[in-house]
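Structure first, then comments.
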Ligand SMILES: Cc1cc2nc3c(=O)[nH]c(=O)nc-3n(C[C@H](O)[C@H](O)[C@H](O)COP(=O)(O)O)c2cc1C
């Protein structure tokens, strides 16, 4: 179901969503996986520092299992059916050793581009902050110069029958947002 927008926006933005019902039989091709990472790679970042780093697990491989284990139980329950689990970590320091205060912002932009690329190819991308960062660091041997930011589950949407009742209801509910006049504090056109 497309978002209820006040004026038309790009269909991918209107139709993008974060479902939890995923088809566990689907495997992405190497070309598709590369395209998702390429889309992320071309995101803008402060001073073009590109602080994002990606750990890409395909269902069935060790990286997937390592990322899955770090997720909170609710997220594990549905995202175990993802085709890919991607953990995004950010370099927390600039080259001169000072703090990079925008690494989380930059990582989010990269994930946004990855997400749009996934949706444009008929897949869905669902971001998760619900994971144990220390466990992810340990499982993936993440370098201390990096901080885990988010995990993204990518796959093909499937029917809600696979979900428990409460999660299925959330999946079927319309996507909602605050109205523009609540979030645009000055300058909203009439
Ligand atoms: C930073 C971030 C963290 C999120 N963490 C979780 C999570 O841990 N588990 C989950 O099921 N969904 C998670 N979500 C998905 C949001 O709940 C979802 O994007 C939001 O409800 C809006 O729905 P939509 O993406 O379908 O428009 C997260 C989304 C973002 C951007």
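Laboratory data are not the source of any read-out in this text; all were calculated from the coordinates shown. All of these numbers come straight from a predicted model, not from anything done at the bench. Methodologically, a virtual Cβ is constructed for each residue, glycine included, from the backbone with ideal geometry; neighbour enumeration extends over all protein chains shown.
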Exercise for review: Of all residues in segment 8-37, count the ones that are more than 13 Å from the ligand (Cβ to nearest atom), in a helix (DSSP H, G or I) and free of Cβ contacts under 8 Å to residues at least 60 places away in the same chain.
Suggested key: 5
Review point. Mind checking whether some residue in segment 49-65 is in contact with a strand residue (DSSP E or B) (Cβ under 8 Å, 6 or more places away or on another chain), free of Cβ contacts under 8 Å to residues at least 12 places away in the same chain and outside any strand (DSSP E or B)?
Key: yes
Check your understanding: Has segment 39-46 got at least one residue that is over 16 Å from the mean Cα position of the chain (by Cα) and without any contact (Cβ under 8 Å) to a residue 12 or more places away in the chain?
Key -> no
Revision key, fill the gap. Per the filter on segment 71-129, residues more than 10 Å from the ligand (Cβ to nearest atom), buried (at least 19 other Cβ atoms within 10 Å of the Cβ) and more than 25 Å from residue 143 (Cβ to Cβ) are 81, 83, 117, 118, 123
Check your understanding: How about segment 120-154: which of its residues are closer than 22 Å to residue 23 by Cβ and out of contact with any strand residue (DSSP E or B) (no Cβ under 7 Å at 6 or more places or on another chain)?
Key -> 120, 121, 122
Exercise for review: Tell me which of these residue 157 doesn't satisfy, since it passes every other one: (1) over 11 Å from the mean Cα position of the chain (by Cα); (2) closer than 25 Å to residue 23 by Cβ; (3) surrounded by fewer than 17 Cβ atoms within 10 Å (Cβ to Cβ).
Suggested key: (3)
**Study point:** Considering residues of segment 60-70 that are more than 16 Å from the chain's Cα centre (by Cα) and buried (at least 17 other Cβ atoms within 10 Å of the Cβ) only, the residue farthest from residue 26 (Cα to Cα)
**Key:** 66
Study note, to complete from the structure: Subset of segment 135-160, residues within 16 Å of the ligand (Cβ to nearest atom) and in a helix (DSSP H, G or I), comes to 135, 136, 160
